[in-house]
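This report refers to the structure that appears directly beneath it.
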Amino acid sequence: MGSATGPTEPLPPAPATCLGCLSQIRRPLLSTLCPYCGGSLVEPKELPRHSKEQLRELKRAELEAVKRAKEEARIAAQVAREQAEIDRAAKRAAKEAERAERQAAEVPWKAALRDQRQQERQDEWACSTKSELIELAKKRGYAYPHGYADRRWPFIESKQASRSRHLASHPV
């Protein structure tokens, strides 16, 4: 029996292995050739022997190395996630800047269109009769000025009625 500090009894020598048939031959060796196939025998390497305390220390060091490797992997994964988030934020910012740039380029065009449409509405509301609206449609070059006037006149008429009611209730 071995003690806590190390083995007290010697262990038997490790067997030799044949390179040809892979059989293991016990020692003492009488020859360097396999008795079964005639192939050469490989001498086993002597493994280091450690006491239980040394094995505990080796195991502890191995566990610490595994913990360090896991912690490093966790940190690397966290850094990768943070970098991916930074990349996504940069991509979003670039998209927002591009969108703002496009909108800035579109604003004059949209503003001109809005101003034109507002002027057209004011011209329509300035018409006091349906025949004036038909003349306005002809002046704009519409293909069917009577159809346009038939569609728009009820809205213009209601706008004029609400305006007259408003002026009647709030004298200047």
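For L63, the criteria (1) surrounded by 10 or more Cβ atoms within 10 Å (Cβ to Cβ); (2) in a loop (DSSP other than H, G, I, E, B) hold in every case but one, which is (2). Here the condition is being outside any helix (DSSP H, G or I), among the aliphatic types (A, V, I, L, M) and either at negative phi or without any contact (Cβ under 8 Å) to a residue 60 or more places away in the chain (or both); of A143, A111, A104, it holds for A143 alone.
Residue count for the range 133-169 satisfying the condition of being under 17 Å from D123 (Cβ atoms), exposed (fewer than 13 other Cβ atoms within 10 Å of the Cβ) and not charged (D, E, K, R): 2. Among the residues of the range 44-62, are any under 40 Å from the mean Cα position of the chain (by Cα), free of Cβ contacts under 8 Å to residues at least 12 places away in the same chain and over 30 Å from P12 (Cα atoms)? Checked against the condition, which is being under 40 Å from the mean Cα position of the chain (by Cα), free of Cβ contacts under 8 Å to residues at least 12 places away in the same chain and over 30 Å from P12 (Cα atoms), the range 44-62 yields no hits at all. Among the residues of the range 99-113, the one identified as closer than 30 Å to K159 by Cα and at pLDDT 85 or above is L113.
The values are calculated or read from the model by the stated rules, or taken from the named source; none is laboratory data. Please read these numbers as outputs of a predicted model, since none were measured by experiment. Heads up, the Cβs are rebuilt from the backbone with ideal geometry, glycines too, and the neighbour counts pull from every protein chain shown.
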